[in-house]
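Read the figures in this text as sums done on the coordinates, not as results from a lab. Just so we're clear, the structure is a prediction, and the values are computed from it rather than from any experiment. Here the Cβ positions follow ideal geometry from the backbone for every residue, glycine too, while neighbour counts run over all protein chains shown.
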Amino acid sequence: MAAGAVSDGRVTLVDGVPHRDGRPFFSVGVNYHPSPTGCDYWREWDGARIDDDFGRMAAAGIGTVRFFVFWADFEPEEGGYDSVMTDRLRELAGAAGRHGLSCLPSLLTIWMNGQRFDPPWRSGRDLWRDAELLERQRAFVRHIATALRDAPNVLAYDLGDEVIHVDSASSATLGADEVRAWWGTLADAIRAADPQAVVLQANEASAVLGGHAFRPERAGPLDLVGLHGFPVWTPFHIESVAARKATAFVPYLVRRGSAHRPVYVDELGSYGCDEATAAGYLRAAAHSAFAAGAVGTAVWCWQDFTTDRKPYALRPNERRVGLMAADGREKPALAEYRAFARRVTGELAGFRPLPAPVGVFVPEGEPGDDAGYLTPSGSDAPAAFYAHLLLQQTHLPYEFTHRTARLERHALVICPSVRQLSLPERRRLERYVTSGGVLLYSTGSLLDGAGDEELFGIRIRDFTLAADTHADFTWAGVRYPLRWEPGPVPVIDAVDAEVLAAFADGSPALTRRRLGEGVVHYLNAPLEAQLNAPYRLQEAAWHRLYAAVAEAAGVHAPLTADDPAVETTVLGRGDERCGVVVNHAPEPVRTTVRRRSADGTQQATERLRLEAKGVRLLFWQAGAAAWASGHRERPEERQA
């Protein structure tokens, strides 16, 4: 459905894909506070200004407005709702509907741009463990859902944006069951008031990268997961907003979250760069997030702010990240988002990721499992991110998976730089291999992540602190230099495995073992985790190891580019195929794109010139030997 066309029917989920009027629906949204009033707009109401802003959004191709219901404004006294605010909420939803916009209200808004807008009567009570306050939350979200249940243009309800930061000390101590219970209590209250409701809860990147329990794998009570991430705030040494890693970060979060729940990127954008850089970032990141399977995006934010009150007095950088300048001038990023909206609601409507032959298995420990000195030092976060980047460079279709998923759907499973693997997870991987799967496992810990004889056919001989003896290895003509973190380096022997590559001391670096009907590769080095340093990704052809293992497993990329900075993702819509080609590099590239059949036979090629952060779409029919007509770049799609 085109942006700006809201039907009388609510959005429903069909196999995790939002539908409206029986057709797939991708939400192209924007986050909104009015420029002159910022976070004070409910109390300093200007309906005419809001109506005008919504009209400009619709004209720009935006289809969803995400706004924030400040709890302190709507419930100024405990248990007492302000009827004027509730009427304004309905008025806002009505204005959005007149302009064809869907609404994504974020409830329980307390945390905004690094400051709290607390109901004064909360008095520091715990959001999750205070029974009376939990009842107040349940009643509040029910009150808002009751007010909006007759509005035909409510896309979804967000329980509360980044609510974990209202009390980060408390939220960090919650167990998985406590978080599920909190989500379930509030989601049930909304659905009781509005049976058609779709419910999510939005968090920043720590939902994937951090150690708290507000994670996608715990999100059973929710319909969607809201995620956002900005390249300036990551643990991954992203070198700049223009860097390759930067525009690959949000699609990584989408892929991680989608292993458990459909993902709405509720905040998409950049900080700390000029307008041209921000525009290029948005172009590449938005298309890559769509190709990764996101069900919607909402840019942060609509317009620069003229108000200098809270939170902008303390954080003035928040005043200048709009799609429009304060004076109404359209920034280059808005033109990019308009082009993206036209594509994903037009020629790309209904295209979704295809089943992936490669799975990335990430062990999922329970938060709060503090084993003291037995806990491996360091972080698990980098390994999965760099596995994502290496697979992107090999152009292999992949998805993240977990112990309870059907691993057998993948011809190849990669476990990157594992620091801790439980016995049930080891046994699950063993069943996968013996049934015919191919496993590539790299270790990230001497004890809790090291291999064993039963699965890998290797044995730990000892450890060493002389990392120079394990400084590199060579396989299939490619040298892989390693940088070990301080600490014990495992030294292994091959007991029932073939040695493919060795370290300088003669001990195995990479082994291969046949087990049952399948094959398991063991890499005695944290290949992925040790890439987490500035510019380290460009120092060697790291992705060649993944490509070689995949080739041996008979896994072939359906669409490749001869430049590893270029992402190629194949989406499907029935028998139609679309290759989304994204240049993540900060400079233009010329690359040859090759389309192959399942057996690796080349079917079609094309030479492309892609600008920095440029995007191209290629269309064909499944099984066809030629590209579809009209796949070439149209004049209106050319980027400046």
What nm value, rounded to one decimal, do you get for the distance between residue 404 and residue 14 when each label is placed 7 Å out toward the C-beta? 2.7
Fewest first, what order do 310, 245, 613 take by the number of other Cβ atoms within 10 Å? 310, 245, 613
Listed residue (134, 210, 492) projecting farthest to the positive dipole end of the chain, Cβ model: 492
Consider just the alpha-carbon atoms of segment 12-350 and return their Rg together with their Dmax, both in angstrom. 18.5, 52
In straight Cα distance, which lysines are under 21 Å from residue 331, not counting same-chain residues fewer than 8 positions off? 613
Other-chain or far-sequence residues with amide H under 5 Å of residue 157's (modelled H): 198, 199, 200
Unit Cα scatterers, Debye sum, the chain: log10 I(q)/I(0) for q = 0.07 Å⁻¹: -0.45
Which whole-number percentage describes the relative contact order of the chain, with Cα contacts under 8 Å and a sequence gap of 6 or more? 11
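Could you compute the FRET efficiency for residue 474 and residue 132, with r as their C-beta to C-beta distance and R0 at 60 Å, rounded to 0.05?
That pair, residue 474 with residue 132, gives E of 0.40.
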With only alpha-carbon atoms counted, please give the Rg and Dmax of segment 365-510, in Å. 15.6, 44
Among 168, 258, what is the fewest-to-most ranking by other Cβ atoms within 10 Å? 168, 258
Given 10 Å bins starting at zero, what is the percent of C-alpha pairs of segment 429-487 in each, up to the one with the largest pair distance? 17, 42, 33, 8
Rounded to whole Å, give me the distance from the Cα center of segment 268-326 to that of segment 63-85. 24
At 7 Å along the Cα-to-beta-carbon direction for both residue 431 and residue 604, put a label point, then send me their distance in nm to one decimal. 4.2
Using a Cα-Cα cut-off of under 16 Å, which aspartates and glutamates could be cross-linked to residue 245, ignoring same-chain neighbours fewer than 8 residues away? 528, 539, 563, 567, 587
Of the peptides 506-513, 598-605, 68-75, 259-266, how do they stack up when ordered by the mean number of other Cβ atoms within 10 Å, highest first? 259-266, 68-75, 506-513, 598-605
Alpha carbon centroid spacing (whole Å) that separates segment 221-248 from segment 469-535: 29
Built amide H within the under 5 Å cut-off of residue 66, gap 5+: 30, 31, 32, 104
Mean Cβ neighbour count within 10 Å, used as a protection proxy, ranking 558-568, 402-412 highest first: 558-568, 402-412
To the nearest 20 debye, the chain has a Cα-centred charge dipole, built from +1 on Lys and Arg Cβ and -1 on Asp and Glu Cβ, of 1700
Could you give the dipole magnitude of segment 433-553 about its Cα centre, charging the beta-carbon of Lys and Arg +1 and that of Asp and Glu -1, in debye to the nearest 20? 320
Could you give the distance between the Cα centres of segment 126-150 and segment 561-625, to the whole Å? 48
